[in-house]
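Every read-out reported here was derived from the displayed coordinates using simple, explicitly stated rules and does not represent laboratory data. What you are looking at is a predicted structure, and each value in this text was computed from that prediction instead of being measured. All Cβ positions, glycine included, derive from the backbone under ideal geometry; neighbour counts span all protein chains shown.
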Amino acid sequence: MIPSIVGAGLIVIGGGLGLGKIGSSAMEAIARQPEAASKIQTAMIIIGALLEGLAFGALILGK
Amino acid sequence: MSQNMVSLKRTLKYFAVILLSVAPFLSKAEQAHDASAAAPTESEKISAHIDHHLQDDYYFTFFADEEADVKYGFSLPVILIDNGLKVFMASEFDYGKKTVEKDGQFYALSHGKIYKTDAAGTLSYDDHHHITNAKPLDFSITKNVVGLLLTAVILFVLFIGLAKTYKKGANNLPKGAGRALEPLVLFVRDEMAIPNIGLSKYKQFMPYLLSIFFLILVLNLIGLTPLGFNVTGNISVTLCLALFTFFIIQFKANKDYWKHIFWMPGVPVPMKIVLAPIEVLGMFTKPFSLMLRLFANITAGHSVVMGLIAIVYLFKTDLTVGGSVGVSMILTLFIMFIELLVAFLQAFIFTMMSSLFIGMAVQDHHDEDHH
């Protein structure tokens, strides 16, 4: 039986990859269109929050 | 893109190798943990303390002297509805050591919950070590309720001045605390309500959005004070907040919202039958994720802060007292700044997502062909 802490680690790896992807795309987008930075930031935070909800849900259900 | 995939594959390969190489030790570590379960070690005591902090309580404890077994603070009133109203102070429980008798019914306190019991205070357990005794209907003024009431008072004091200025005239400059709050009110209006709900409909939702924004913000911030509140880190509180958003969406939604859930336009009929249950599920997952996100963020933040403070006790022998206090203080300070950011960010995200979901439900769809 794999202990839940390993599952937590897996979730963090998955969440980290996802957040990294969001962050890198947002940075590229802001670099291309600095005037749209605030809109991109808001969208980035929303997607980040959705991802975070998923990851935290998994962490809590796993516990 | 293919380069990305290659590096991702390589990462996963390394990960699998590491996982397989440590797997044999994982079961051993668990056995060792079972053997030491007899006497609580320092770290077990600390995690019990953190768990206790994260839960609601009938006492308001500022600090405790464990060696002398004295807790400094005060107990809060217990209000039970169980064949009539029963009000008494939680100090009568003496931290769960005594049972309390009211009108012939005995009550016992165990792990922060009140159970009906007999004169001896016997509690029966099921196979999973959960207490099976009946619970009375509990309307007590607990620690979280005190936190909520305190927040209500703070918000009232802060906002009454701001509201009065606008009553005199729309162009008045607010005085005192209102001057600092006005930008935040405008932030909620201009960054969340108007872009997400739309200029024609945002006004009726502003009272709700402002209320949840400032309620969550102040609750998060008083959670960072040493008073020991953990209100937004309680899943019942966040459930209630998410339910408000849920009901506002359901009652304010227009016919397009329901059409898009049960019979979405522009999709083939077999697909509609497949998608409808998913959309119905989506109705509930939106507030569910709101609930879980706020709860998990604040709980995680409190656990991390308390865990870092616990470094003082855990590394006392390795780092000397001064060293462990220094390391703990630097790390705690760092995390506390992040927690200040999180306190604001979670209030922002909860309000933002609420306004987004409300906006999705009340929006007019003029362009049906685009679906």
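In table form, for the structure just shown:
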{"item": "Size of electric dipole in the protein assembly as shown: Cβ of Lys, Arg +1 and of Asp, Glu -1, about Cα centre, debye, nearest 20", "result": "1300"}
{"item": "J(HN,Hα) series, the range A:28-43, from Karplus relation 6.51 cos²θ - 1.76 cosθ + 1.60, nearest Hz, glycine and proline x", "result": "4, 5, 5, 5, 6, 10, x, 6, 9, 4, 5, 5, 5, 4, 4, 4"}
{"item": "Cβ-defined net charge surrounding B:Lys86, 12 Å radius [Lys, Arg +1; Asp, Glu -1]", "result": "-3"}
{"item": "Distance histogram in 10 Å bins (all Cα pairs of chain B, percent per bin)", "result": "4, 16, 21, 24, 20, 11, 3, 0"}
{"item": "Sorted by Cβ density within 10 Å, fewest first, the residues B:Met360, B:Met89", "result": "B:Met89, B:Met360"}
{"item": "Inter-part distance where the range B:58-109 and the range B:279-347 are each reduced to a Cα centre, Å", "result": "29"}
{"item": "Square roots of five times the Cα gyration tensor eigenvalues for the range B:121-234, Å", "result": "40, 18, 12"}
{"item": "Links that overshoot a 27 Å alpha carbon limit, given the list A:Lys39/B:Lys203; A:Lys39/B:Lys201; B:Lys45/B:Lys86; A:Lys39/B:Lys255; B:Lys164/B:Lys255; B:Lys135/B:Lys252", "result": "B:Lys45/B:Lys86; A:Lys39/B:Lys255; B:Lys164/B:Lys255; B:Lys135/B:Lys252"}
{"item": "Pairwise label distance in nanometres, B:Ile338 with B:Ala64, each label 7 Å out on the Cα-Cβ vector", "result": "2.8"}
{"item": "For chain A and the range B:172-244, distance of Cα centres in Å", "result": "24"}
{"item": "Integer Hz, Karplus 6.51/-1.76/1.60 couplings in order for the range B:220-233, x for Gly and Pro", "result": "4, 6, 6, x, 8, 6, x, 6, x, 7, 9, 7, 6, x"}
{"item": "Isotropic mean projected area of the C-alpha convex hull, the range B:193-311 (nm²)", "result": "9.9"}
{"item": "Ranked B:Leu173, B:Leu123, B:Leu162, criterion: other C-beta atoms within 10 Å, fewest first", "result": "B:Leu173, B:Leu123, B:Leu162"}
{"item": "The range A:21-62 - Rg (one decimal) and Dmax (whole number), Cα, Å", "result": "12.9, 42"}
{"item": "Sorted by Cβ density within 10 Å, fewest first, the residues B:His302, B:His260", "result": "B:His260, B:His302"}
{"item": "Rg/Rh for the range B:55-141, where both radii come from Cα atoms and Rh is the Kirkwood radius", "result": "0.98"}
{"item": "Computed log₁₀ I(q)/I(0) - Debye formula, equal Cα scatterers, no solvent, the range B:266-345, q 0.14, 0.21, 0.24 Å⁻¹", "result": "-0.63, -0.92, -1.02"}
{"item": "Cut-off under 5 Å, modelled amide H: who pairs with B:Phe106 long-range", "result": "B:Thr117"}
{"item": "Sparsely packed chymotrypsin sites (Phe, Trp or Tyr not before Pro) within the range B:287-348, loop by DSSP, other Cβ within 10 Å at most 16", "result": "B:Phe315"}
{"item": "Cα-projected label distance for B:Leu227 with B:Gln250, points at 7 Å along beta-carbon direction, nm", "result": "3.4"}
{"item": "Computed lengthening from B:Asp318 to B:Val87, 0.36 nm per intervening residue step minus Cα-Cα distance", "result": "78.2 nm"}
{"item": "Neighbouring partner chain Cβ atoms per residue of A:47-59, average, 10 Å criterion", "result": "5"}
{"item": "Inverse mean reciprocal Cα-Cα distance (Kirkwood Rh) of the protein assembly as shown, Å", "result": "25.7"}
